[in-house]
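Everything below concerns the one structure shown next.
Only the coordinates and a few stated rules stand behind these numbers; no lab work does. Bear in mind the structure is a predicted one, so any value in this text is a computation, not a measurement. Cβ coordinates were reconstructed from backbone atoms using ideal geometry, including for glycine residues, and neighbour counts include every protein chain displayed.
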Amino acid sequence: MVSNPTDIREEGIAVEPGASPASGAPIRQSNLWKDAWRRYLRNKGAVVAGAVFVLVLLYCLVWPFVSPYSGNELDFTIAKQDPSLSHLLGTDKFGRDIFTRTAEGGRVSILIGFGATIAILLIGVVYGSISGFVGGRLDNGLMRFLDALYGLPYLPFAIITLAIIGRADMWTMMIALSIASWFTTARIVRGQVLTLKENDYVRAAKAVGARWNRILVRHILPNTLGVLIIAIFLELPAVILGEAFLSFIGLGISPPDASWGAMAQEGRTTYRTHPIEIVVPSVAIASLVLCANFIADGLRDALDPRTRET
Amino acid sequence: MALLEVDDLRTHFFTREGTVRAVDGISFAVEKGKTLGIVGESGCGKSVTALSIMGLIPKPPAKIVTGSVLYEGNDLTKLSEHELEDVRGREIAMIFQDPMTSLNPTLTIGTQITETIRRHYDVPQAQANKKAVELLEEVQIPRAGERLKDYPHRFSGGMRQRVMIAIALSCDPKLLIADEPTTALDVTVQASVLDLLDDLRHEHDMAMIIITHDMGVVAEAADDIIVMYAGQIVEQASTLDLFDNPEHPYTEALLGALPQLEGSGIRQGRLTAIPGRPPDLIDPPSACRFGPRCPYAGGDSCTDEMPELRELRKGHWVRSAHPASERVRTEVPA
């Protein structure tokens, strides 16, 4: 009966005939990521935020190479200039070009932001997936420990960490900012792993002899990717704000090195006479944080069709 | 020696509400190359039986309390998880009810087949790919070579179940456990999948356990049938004997609930349903578990004790005080 050709042809139709890549026919290859991308594009706010985000990144990465000035070049003869064609955003009280310095500071801020976010993800994924995957007593123990850690306030803990390390550069900032902020990510990952672990395809993989490491790495973790991408854009603004705060109160990146927080701190002394020095880094921080939040929002709707508004 | 011998298997779930006796003392054997059907309604323990054989029951809360599962003489319940993993897929494979969710959406079909092959055999990727194409052709997926690179969402339900079968067969297991393999499929696709399973079973000289609640499915596929009720075997016989001479009142009722479209026994009017519900397995009655629903209960032959599974005639076992062939005419259903 299976050899009956009608049978097979009808089943074949259900899965788009001629859908093979070799047939070369122009077909709409719809998959999970393309669907998500389509849904993301429908969210105008998220698209604009994404564009601004990319522009800011490009500006920070490229402009320091293109700029005729160096962000650390002191020249008191041109101090506190207003925006002009030669200095797009004017100069600060030491005569440094603000437009260039903002890009250089942005590099540091964004690097710390991404570095700490990656660290948060790594710790969170490892901790959360072990907890969820092993389950039982270990899970209980790890989660109660996490509950206790949750009581730690994030910024004071970062301050204490910096004080213990005793020096503030990019690397120590990353450590300080990630050490007390991976808890939520760990919980999210654990929850996902717990759900995915009971999935039919995990059971099916076990039924053909897959070992635990393969099940975790091949069948469970790739399916948490959607949640992790959202987690990145939720953690990033928190970390960037944290960096700015630490640098602003003088515990983070210190002059003459630039970061957005450090620039705002320097500009604070002249905010009455020459406000642009504090406004520019503040706006930069605010725009990046706002964009990341909008992107996270758009991604959440795009990657989880169930929450999509109709 | 039979390929698989299950002896007095008891799998209980230890929950807060109490101990659920999902599988309560079942014994059976599967001969090499034969097909055994296990039928019963939802919650009678047929899937838990299969998962217990595979060692895939969720521990905790479930636990195999007593009993043994002898596969080629080795007790699977005594093996470590690590040793069991080598048995699964290589010796005993299993396919599940819902093909829509049994394939990982993030891996291509080809990857999922070749990973299983390479898990059990030390072969290069190219050879595994070749084998995967052969398998897909064997389960009659058109343009098998091209479809290796496709993701599961591009396959229909019937095709996915075929892929699941291909994965299950990839390491030439000696026993295939099919847990409701056709329940989630259209009727026409059901028939073709069943035929395919039967063909493949012959070609690969596999034994098969087919678990279903559909009497029609076992009638077509099985050599022998076990009827389960509330965690126990109530009747066991060869397929022909069971359908021609059902002995247990439950089996009779199950067959009576089937629509019959042709033949001499064609019925008119509504299908008969079995009154009542199966017993709570947390605290099952110590007497006959089918008693409360049995039309013959209360007669002289009924006692407060659990009837034993006894061999009524050669190869036909039944757990009832009043099987059809022993019923006297006065015992008319109320």
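Distance between the 7 Å Cα→Cβ label points at B:Glu311 and A:Arg38: 6.4 nm.
Rg over Rh of chain A, using C-alpha atoms and the Kirkwood radius, what does it come to? With Rg and the Kirkwood Rh in hand, the quotient comes to 1.10. With the convex hull of its Cα atoms as the shape, the range B:39-155 has an orientation-averaged projected area of 9.6 nm².
Which of the listed residues, B:Thr49, B:Gly67, B:Phe155, is farthest toward the dipole's positive end in chain B, when Lys, Arg count +1 and Asp, Glu count -1 at the beta-carbon? Farthest towards the positive pole: B:Phe155. Taking 0.36 nm per residue of separation and subtracting the current Cα-Cα distance, fully stretching the chain between A:Leu138 and A:Lys93 would add 10.5 nm.
To the nearest ten degrees, helix A:32-42 and the longest principal axis of the Cα atoms of chain A are 50 degrees apart. Comparing B:Lys34, B:Lys59, B:Lys46 in a Gaussian network model of chain B (Cα springs below 10 Å), the most mobile by mean-square fluctuation is B:Lys59. If you look at the Cα atoms of the range B:135-221, you get an Rg and a Dmax of 12.7, 38 Å. Once you order the gyration tensor axes a ≥ b ≥ c over the Cα atoms, which shape class does the range B:13-92 get: rounded for a/c under 1.5, otherwise prolate or oblate by comparing a/b with b/c? It comes out oblate by the Cα gyration axes.
With 25 Å as the limit, the listed pairs A:Lys206/B:Lys59; A:Lys34/B:Lys130; A:Lys206/B:Lys78; B:Lys149/B:Lys174; B:Lys59/B:Lys149; B:Lys78/B:Lys174 have A:Lys34/B:Lys130; B:Lys149/B:Lys174; B:Lys59/B:Lys149 beyond it between alpha carbons. Excluding residues on the same chain fewer than 8 positions from B:Lys314, give the aspartates and glutamates whose Cα lies under 14 Å from its Cα. In chain and number order, the partners are B:Asp224, B:Glu235, B:Asp241, B:Glu247. The per residue volume of the convex hull around the alpha-carbon atoms of chain B is 154 Å³. Along the Cα-to-Cβ line of B:Ala29, 7 Å from the Cα, sits a label point; which residues in the range B:214-237 have backbone N less than 19 Å from it? So the set is B:223-227, B:233-237.
So if the hydrodynamic radius of the range A:24-114 is defined as the Kirkwood radius over C-alpha pairs, what does Stokes-Einstein give as its diffusion coefficient at 10 °C and 1.306 mPa s, in µm² per second? After rounding, the answer is 100 µm²/s. Mean partner shielding of peptide B:81-94, defined as the number of other chain Cβ atoms within 10 Å of each residue Cβ, is 3. Extension gain, B:Leu258 to B:Asp199, is 18.6 nm, computed as 0.36 nm per intervening residue step minus the present C-alpha separation. With all projection directions averaged, the alpha carbon convex hull of the range A:202-290 covers 8.0 nm².
In this calculation the C-beta distance from A:Asp82 to A:Val48 is compared with R0 = 35 Å, giving a FRET efficiency of 0.75. Sorted fewest first by neighbouring Cβ atoms within 10 angstrom, A:Lys206, B:Lys130, A:Lys44, B:Lys174 come out as A:Lys44, B:Lys130, B:Lys174, A:Lys206. Peptide packing for A:163-171, A:251-259, B:14-22 was compared via the average number of neighbouring C-beta atoms within 10 Å per residue; ordered from the highest value, the list is A:251-259, B:14-22, A:163-171.
The Rg/Rh ratio for the protein assembly as shown, using Cα coordinates for both the radius of gyration and the Kirkwood hydrodynamic radius, is 1.13. In this label model, B:Phe14 and B:Glu326 are separated by 3.7 nm, measuring between points 7 Å along each Cα→Cβ vector.
Once the C-beta distance of A:Leu290 and A:Arg211 is scaled by a Förster radius of 56 Å, the resulting FRET efficiency is 0.80 to the nearest 0.05. Here the range B:173-237 is treated as an ellipsoid with the same Cα gyration tensor; its semi-axes, largest first and in whole Å, are 20, 16, 10. Springs between alpha-carbon atoms under 10 Å, Gaussian network over chain A: tell me which of A:Leu177, A:Leu122, A:Leu288 tops the mean-square fluctuations. Checking each option, the largest mean-square fluctuation is seen for A:Leu122. Remark: the A:Tyr150-A:Val283 segment gains 44.8 nm on full extension, using 0.36 nm per residue and subtracting the alpha carbon distance.
Put one equal scatterer on each alpha carbon of the range B:177-319, apply the Debye formula with no solvent term, and list log10 I(q)/I(0) at q = 0.16, 0.21 1/Å to two decimals. These q points yield log10 I(q)/I(0) values of -1.01, -1.43. For the Cα atoms of chain B, what angle does the longest principal axis make with the long axis of helix B:187-204, in degrees from 0 to 90, nearest 10? That helix lies at roughly 70 degrees to the long axis.
Which is farthest toward the positive dipole end of the protein assembly as shown among B:Ala219, A:Val193, B:Gln112, measuring Cα position about the Cα centre, with Cβ charges +1 (Lys, Arg) and -1 (Asp, Glu)? Highest projection toward the positive end goes to A:Val193. Mean-square fluctuations from a GNM of chain A, with a 10 angstrom spring cutoff on Cα atoms, peak among A:Asn213, A:Asn293, A:Asn223 at A:Asn213.
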